[in-house]
1. Going by alpha carbons, how many degrees (0 to 90, nearest 10) lie between the helix axis of 436-449 and the longest principal axis of the chain?
2. At what distance in nm do the modelled label points of Ala58 and Arg179 sit from each other, each positioned 7 Å from its Cα along Cα→Cβ?
3. Show me the ranking of peptides 438-448, 286-296 by mean Cβ neighbours inside 10 Å, starting with the highest.
4. Calculate one ³J(HN,Hα) per residue across the range 120-130 by plugging θ = phi - 60° into the Karplus curve 6.51 cos²θ - 1.76 cosθ + 1.60, and present them in order as whole Hz with x for glycine and proline.
5. Quantify, in whole percent, the carbon and sulfur part of the accessible surface of the chain (1.4 Å probe; protein heavy atoms only).
6. Please give the peptides 216-228, 26-38 ranked by average Cβ packing (other Cβ atoms within 10 Å per residue), highest first, as a rough proxy for protection.
7. Explain nothing, just the number: dipole magnitude of the range 189-244 about its Cα centre with +1 on each Lys and Arg Cβ and -1 on each Asp and Glu Cβ, in debye rounded to the nearest 20.
8. Using a cut-off of 21 Å between alpha-carbon atoms, which lysines can reach Lys229, once sequence neighbours fewer than 8 places away in the same chain are excluded?
Amino acid sequence: MTATAAKVHRESKYEAVIGIECHVELKTHTKMFCACLNEFGGEANTKVCPVCLALPGALPVANKEAIEHMILAGLAFNAQIPAFSKFDRKNYFYPDMPKNYQISQYDMPLTQAGVVRYWLEDGTLKECRLTRIHLEEDTGKSTHAGGGDGRIAGSNYSLIDFNRAGVPLMECVSEPDLRSAEEAVAYLEALKRTFVQLGVSDVKMEEGSLRCDANVSIRPAGSTQLGTKTEIKNMNSFRSVYRAIESEIERQIRVLESGSRVVQETRGWDETQGTTHSMRSKEQAHDYRYFPDPDLVPIEVDRAIVDRLKTAIPVLPWQRFERYHLEYGLDAKQATQLIDNVPLAQYFDACVTASGNAQQSMNFVLGDLSRLANETGTPVYESAVSPAHLSELIDLIENKTVNSKIAKELLIRMWSGEGSPKTIVQKDGLAQTSDASEVEKYVDTVLSANEKAVADYKSGKTNILGFLTGQVMKASRGKANPAIVQDLLQRKLS
Ligand SMILES: [Zn+2]
């Protein structure tokens with residue numbers, strides 16, 4: 001079956017069920033259990049100490065900043081924060097951890113349950129439940145080099161860098177609530193935005209600070225039973241996540257259509273081939289021999305800290321999206337553009353509060369103000385145009401004190417630091433002239449100076465009206481009310 005044929009089948013016969021496990025490095029001053037600095041890069045094995053190298057006798061101490069970041073992240077997704085939590089050893093034998101185990105959390109994670117609200121490109125709001133977010137330490141980074149066949153000593157070797165070993169890592173485990181690659185990516189984008197806004201992680205994908213695995217299964221459309229799932233590993237960009245899930249869904253459909261069964265296993269994603277391949281049968285929890293880490297005291301979460309962190313939660317991305325999209329009627333793309341630039345969104349919010357006019361505020365913020373920002377290199381929110389002054393300008397337009405042409409000129413003067421547009425209008429007499437007798441003087445002057453145009457108009461060339469309107473506007477230095485100008489011209493010419 002071709003890929004296209006599989007797609008048709010997928011739409012009609014099958015439904016995908018997807019859950020995501022995603023690892024995010026926390027932004028803290030030091031590593032999770034020692035005083036080494038938590039910084040990306042640097043010469044290999046220079047950010048290490050006896051604790052993160054697991055030298056005999058070295059003891060870990062949990063990082064309070066990391067625990068607070070975890071609680072904050074949990075609260076943002078409305079998760080439960082149990083009063084009691086603990087660290088466990090996850091035993092495995094792979095050279096990227098000098099201890100031969102990783103300190104993680106097994107049955108008593110710092111946060112449980114919760115909901116991630118996200119949206120699709122067309123503006124549809126969706127929810128994905130969280131199972132848990134738990135805290136662990138990152139592993140070292142191994143590089144496989146050489147490329148020889150191993151028969152000559154040193155021709156095939158691996159290098160290990162422990163700078164990353166012990167960096168605090170949160171693992172967010174979702175429920176299998178996602179139904180397509182598009183939903184999976186939109187969910188991850190929501191996680192990323194939220195973590196960045198909370199300040200708990202930089203989420204720099206290029207530095208590997210967000211990595212994810214996806215559990216994928218398919219089932220006949222309409223069925224509530226879960227099919228056999230596979231776990232796809234090693235995806236470190238949203239594009240890879242999208243492609244890997246799409247490819248795995250197609251593969252599973254081909255397996256079922258050929259009369260075989262999907263095998264539960266871990267599969268790797270090959271970026272170049274654009275396919276997943278079998279790596280190993282999936283480990284079970286008992287393979288890891290979890291047990292409580294005897295070197296660390298359990299965590300008792302102080303309610304006062306939880307209450308303090310609750311008050312530290314800013315306006316969250318999905319809350320802004322609901323307001324911008326559903327209440328203000330901004331389209332999903334514009335709303336997302338604002339939300340992804342938090343200081344600009346805060347500036348926009350202040351403009352809406354001051355002016356009570358979301359649409360005009362958005363037109364200015366994403367239109368003329370963003371253009372001026374691009375031209376001058378000063379962000380809108382650091383410019384001389386305060387939300388209060390922008391609100392004055394919107395008032396001047398709405399109550400027809402100035403027309404749109406004068407408004408554009410005013411905005412440029414405000415940008416260059418001239419302050420209140422109301423004051424500029426008063427000082428320079430820029431208010432629109434809606435007094436008909438005043439406008440009539442300009443109209444009469446223009447008509448007597450353009451006899452040929454008037455004759456042309458009367459001989460049927462009615463489109464000359466635009467030219468005459470322009471002349472009157474020019475004579476009034478842009479201040480005449482264009483509607484009154486048109487009205488007077490038509491009356492006088494007929
Ligand atoms: Zn260390």
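1. With both axes taken from Cα atoms, the answer is about 70 degrees.
2. 5.0 nm
3. Numbers: 438-448: 17.7, 286-296: 13.5.
Top to bottom by mean Cβ count within 10 Å: 438-448, 286-296.
4. Karplus-based 3J(HN,Hα) across the range 120-130 equals 8, 4, 7, x, 5, 8, 9, 10, 9, 6, 9 Hz.
5. Working: 12420 of 24190 Å².
It is 51 percent, rounded to a whole number.
6. Details: 216-228: 14.8, 26-38: 19.9.
Peptide ranking by packing, descending: 26-38, 216-228.
7. 200 debye
8. Lys7, Lys13, Lys282
The values are calculated or read from the model by the stated rules, or taken from the named source; none is laboratory data. Keep in mind that what you see is a predicted model, and the values were worked out from it rather than measured. Here Cβ is always computed from backbone atoms with ideal geometry, including for glycine, and neighbour counts include all displayed protein chains. Heads up: the accessible areas ignore ligands, DNA and RNA and are worked out on the full protein's heavy atoms, side chains in. Shrake-Rupley method; radii C 1.70, N 1.55, O 1.52, S 1.80 Å.
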